[in-house]
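The values are calculated or read from the model by the stated rules, or taken from the named source; none is laboratory data. Computed from a prediction, not measured in an experiment: that's the story for all the values here. Cβ: placed from backbone, ideal geometry, glycine included. Neighbour counts: every protein chain shown. Heads up: the accessible areas ignore ligands, DNA and RNA and are worked out on the full protein's heavy atoms, side chains in. Shrake-Rupley method; radii C 1.70, N 1.55, O 1.52, S 1.80 Å.
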Protein chains: 2
Amino acid sequence: MNYKQLFENIKAKRSFLCVGLDTDITLIPEHLKSEKYPLFAFNKAIVDATARYAVAYKPNLAFYEASGSKGVLEFEMTVEYIKKNYPDVLVIADAKRGDIGNTASRYARAFFETINCDAVTLAPYMGADSVKPFMEYEGKWAVVLALTSNKSADDFEQLQIADQNPLYRTVIETSMEWGTLDNTMYVVGATRPEKLREIREFCPSHFFLVPGVGAQGGTVEEVSEAGMNSHCGLLVNSSRGIIYASKGEDFAEKAAEAAKSLAQKMSAALKSKGL
Amino acid sequence: MNYKQLFENIKAKRSFLCVGLDTDITLIPEHLKSEKYPLFAFNKAIVDATARYAVAYKPNLAFYEASGSKGVLEFEMTVEYIKKNYPDVLVIADAKRGDIGNTASRYARAFFETINCDAVTLAPYMGADSVKPFMEYEGKWAVVLALTSNKSADDFEQLQIADQNPLYRTVIETSMEWGTLDNTMYVVGATRPEKLREIREFCPSHFFLVPGVGAQGGTVEEVSEAGMNSHCGLLVNSSRGIIYASKGEDFAEKAAEAAKSLAQKMSAALKSKGL
């Protein structure tokens, strides 16, 4: 999927919602825990209930790897299910990988060939080597960490570089040269709308994947106001606020309600920007 | 395994060799490709042939993930085999994970509980949140990327921070406060011995995991001269130079020869430091 197609999907669904599938075996409803593939069973129900409100899903690998190779199998089953049944939805592997070129190319193969993900989140610390191999796949995306939503983003991401810019700005400005609008996105946390606004100024066109709405405290309104561009340019993620809206048998129904509520706010935000 | 035990193992084996298990399904000998678990079959033979010369093994997750969940299963089988048959050998999951605290704790569970690794490599970009959960396990290690061996380490790792230090120095000096000598190591590439020497000056006691010997160009002598301390303080990794020393049926035998050759150089380096 390229930049234009992603924008078309957003306009068609009137939503730029990404549902984070941080599917924790200890937090899913009791009645699913006896399933052979409980993480997949949970995800399938969540996806079927929320797909009309979502343009992207973001399974977070840590939650699958916590169950070992069986968990990774359930991740694969989830991706396959989404791509088969909702082919216009972007699947972002939230894996935060990053390694030397020789190794990065294997990670790219893992996520883009072995498994049919559309995008992977990447840690930029090791530089171009660790990101470029993901940009060599037509229609696939490298989602580069820029300014994340956690408190300890201050430890390094916000350090001032000698030329006066913070590290996250250098990361964005440098890596914008490596790829295109069709294969590069940035992770920019929702918990710092003033930073989102500042980043939008020097990175006007790229899509941003924005976590931190809901459980972490950011709002759709703030994020839209600070970061939306003429092609929307935003995928706003909510994980826990949607998938754990209820821990009972009505979990999928409640997830749909939570997703719908966010999508309605997104629709209003798009409208107010004339999109 | 703690700092003292690791040093004792190095003294007992007269080696500080880490064998990198970058086991690539396309590069292993032909006769193994028909095995049900070819990556594991290769690793088992390599480990049995080299364990007398190695104090650590470092499977790189990318190469297993490239085969999907089945590859991850073979990674698990490899770790289990090593820990059962060579319990005094450190198993380092070269995974370069890094995420917010809630997620990092799941990765720690994945590598330290679900799978019995002793150590995990971590990308520091997101700060303390992403590293500290790995330091909460007795006898386990967080191996933090500092200055890596790839060319594009220059992109960000070597940026000058406003207080005049390069980013990698700030990463090390900051994260030294998070843990102890018993649970924290740093990745410092072998391809820049002068940097290794500089880092040893401000980080005198920690163990460094040093990749880049062999295929990437560094030598045991240079690394030892620049980085060894009174407790050795080095794990020097070689991957391709050992595991692909031969691509024929004698691959394990040739791997043992390559490992023995490095271990002999390490023994000499230890002796010359009076260890």
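Taking all protein chains together and rolling a 1.4 Å probe, B:Cys18 ends up with roughly 0 Å² accessible.
With the biggest extent put first, the Cα atoms of the range A:163-229 measure 33, 29, 18 Å across the principal axes. Each principal axis of the Cα cloud of the range B:146-267 was taken in turn, and the coordinate range along them, longest first, works out to 54, 32, 23 Å. Legend: calculated FRET efficiency, A:Asp88 to A:Glu30, from the Cβ-Cβ distance at R0 = 30 Å, rounded to 0.05, equals 0.35. Dimensions of the protein assembly as shown from C-alpha coordinates, computed as largest minus smallest value along each principal axis and given longest first, are 73, 53, 39 Å.
Legend: residues in the range A:62-85 shielded by at least 40 square angstrom of accessible surface upon adding the remaining protein chains to the isolated chain (1.4 Å probe, heavy atoms) are A:Ala62, A:Phe63, A:Glu65, A:Ala66, A:Ser69. Over chain B, dividing the summed -39,500 (n - 2.57) contributions of all DSSP H runs of at least 4 residues by the number of residues returns a 222 nm mean residue ellipticity of -12000 deg cm²/dmol. Within the straight-line cut-off of under 16 Å between alpha carbons, the lysines reachable from A:Lys4 are A:Lys13, A:Lys140, sequence neighbours fewer than 8 places apart in one chain being disregarded.
Considering every alpha-carbon pair of the range A:1-159, the percent of pairs per 5 Å bin, from zero through the bin containing the longest distance, is 2, 9, 17, 20, 19, 17, 11, 5, 1, 0. Diagonalising the gyration tensor over the Cα atoms of the range B:160-202 and scaling each eigenvalue by 5 before taking the square root yields semi-axes of 18, 15, 8 Å, largest first. Of the accessible area of the range A:33-112, computed with a 1.4 Å probe over protein heavy atoms only, carbon and sulfur atoms account for 50 percent. Seen from A:Ile92, the other residues with C-beta closer than 9 Å to its C-beta sum to a net charge of -1, counting Lys and Arg as +1 and Asp and Glu as -1.
Just add up the charged neighbours of B:Gln264: K/R +1, D/E -1, any other residue whose Cβ is under 14 Å from the Cβ of B:Gln264.
Values: positive: B:Lys13, B:Arg14, B:Arg52, B:Lys260, B:Lys265, B:Lys271; negative: B:Glu221, B:Glu257.
The answer is +4.
Ordered from longest to shortest, the equivalent ellipsoid semi-axes for the range A:199-256 are 29, 10, 8 Å, each the square root of 5 times a Cα gyration tensor eigenvalue.
Computed as a quarter of the hull surface, the mean projected area of the alpha carbon convex hull for the range A:71-230 stands at 10.1 nm². Taking 1.567 mPa s as the viscosity and 4 °C as the temperature, the Stokes-Einstein diffusion coefficient of the range A:124-181 based on its alpha-carbon Kirkwood radius rounds to 105 µm²/s. The modelled label-to-label distance for the pair A:Ala268/B:Glu249, using points 7 Å beyond Cα in the direction of Cβ, is 7.4 nm. Give, as ranges by residue number, the residues of the range A:37-72 whose backbone N falls under 13 Å from the point 7 Å along Cα→Cβ of A:Glu80. Residues passing the 13 Å test: A:40, A:72.
If you take every residue apart from B:Asn2 with its C-beta less than 15 Å away from the C-beta of B:Asn2, what net charge results, scoring Lys and Arg +1 and Asp and Glu -1?
Working: positive: B:Lys4, B:Lys11, B:Lys140; negative: B:Glu8, B:Asp88, B:Asp118, B:Glu136, B:Glu138, B:Asp182.
Once all neighbours under 15 Å are counted, the net charge is -3.
Report the B-A buried area as the accessible area lost on both sides summed, probe 1.4 Å, in Å² to the nearest 100. Summing both chains' loss of accessible area gives about 4800 Å². The charge dipole of the range B:1-86, taken about the Cα centre with unit charges on the Cβ atoms of Lys, Arg (+1) and Asp, Glu (-1), comes to about 480 debye, rounded to the nearest 20.
Inter-copy label distances for A:Ser34: 4.5 nm (label point placed 7 Å from Cα along Cα→Cβ; shortest first).
Centre-to-centre, using Cα atoms only, the range A:119-193 and the range B:42-60 are separated by 35 Å. If you look at the Cα atoms of chain A, you get an Rg and a Dmax of 17.7, 56 Å.
A point 7 Å from Cα along Cα→Cβ stands in for B:Lys247, and the other copies hold the same point at 5.4 nm, listed in rising order.
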